[in-house]
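Input: a single structure, listed below in structure tokens.
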């Protein structure tokens, strides 16, 4: 038991909030819950080493007990229970077009597995099987968590457990991605085929998720050491410094979320928020990836907001107000970009998959590389393969902007500068 507890305390940090094997338990998800929920919070976990974690996530409305009023913290959990928890944490609701072949039509977890499949983190087994009732192993849990949290191995990271040869290839990469928070048994083993208990899962939730915003309202975040999740619409997070990743999840739906005076040192993943937008005011973000399956996302930058890099993998609108900056933008999907005067994108790459992207406004783009068709700048078509430098509202016809073979350069007319005439001559004006 001592070794078991030692493994858990030092184990990987994951998100896992557990549900019961029974349909009634699995469907109890409300924050207030029921008498079963209350009983579970008081019984069977009292004095348990994971009691504090159980209390926290019970308070968040994620963890419930069994119908007999017990929590059973040392009970193993199934794959169906595991994905049901992850779906709730991230707010995934869209279902796949096809269900897994071995999931009964009347199973309580049928929709949960379908949602996990649609979300892309649960692939199942050969022959389209889910094996939903099987207890999940440590290596499979790590693999699913690395996928759902979009975690990749850091450069130079390695797997040093003495039984690492027993890890599957996917699990090896996942364990490497979580190397900073994973430790095995005192023997130096990871035991990839071992099972995860409810108590382990809850403790791991605490260690992975520092900031959890699941109800609408205004929150002063302060210093948050670790990852944070916003999974509902109507959250305003103010004056916060996040050292880990920020997940704006699918639970936001087509609603909105606002960051005001927020610094994110990790990666920001945007999979929720509609055209009413993700509002970023007076904030500093490192890397942002937008990938929403259910519709368009609007990123609206105001104040002195600055983002180091934005990668757009789904339909989106990037709207930059005066004084805002995006250092680097990569478009892998059609987008609309609105640049106010005084706003700037230092580098913009429009890949082939982002055809028909439009750029409007009087802002600056330091370097624009177009590899897609149908791209327009203030209504004027830009040829694929063109490198363009844009200043302010400047635009010109193709016949006037030849700089050299394979490149077009658009240079702002500056009526206050004597260098304007020489620039125009070089541009072929």
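No value in this document is a laboratory result; all are computed from the given coordinates. The shown structure was predicted, so the numbers you read here are calculated from the model rather than taken from an experiment.
For the stretch 197-238, the Kirkwood radius over C-alpha pairs fed into Stokes-Einstein at 25 °C and 0.890 mPa s yields D = 216 µm² per second. If you look at the Cα atoms of the stretch 240-279, you get an Rg and a Dmax of 10.2, 28 Å.
Starting from the alpha-carbon convex hull of the stretch 135-186, give the projected area averaged over all orientations, in nm².
Values: hull surface 15.7 nm².
The Cα convex hull of the stretch 135-186, projected and averaged over all directions, gives 3.9 nm².
The Cα trace of the stretch 189-280 gives Rg and Dmax of 14.9, 49 Å, the first to one decimal, the second as a whole number. Taking every DSSP beta bridge that has both ends in the stretch 79-236, the antiparallel portion is near 25%.
Note: the stretch 72-171, Cα convex hull, 132 Å³ per residue. Each principal axis of the Cα cloud of the stretch 162-317 was taken in turn, and the coordinate range along them, longest first, works out to 53, 31, 28 Å.
A convex hull fitted around the alpha carbon atoms of the stretch 235-338 yields 77 Å³ per residue.
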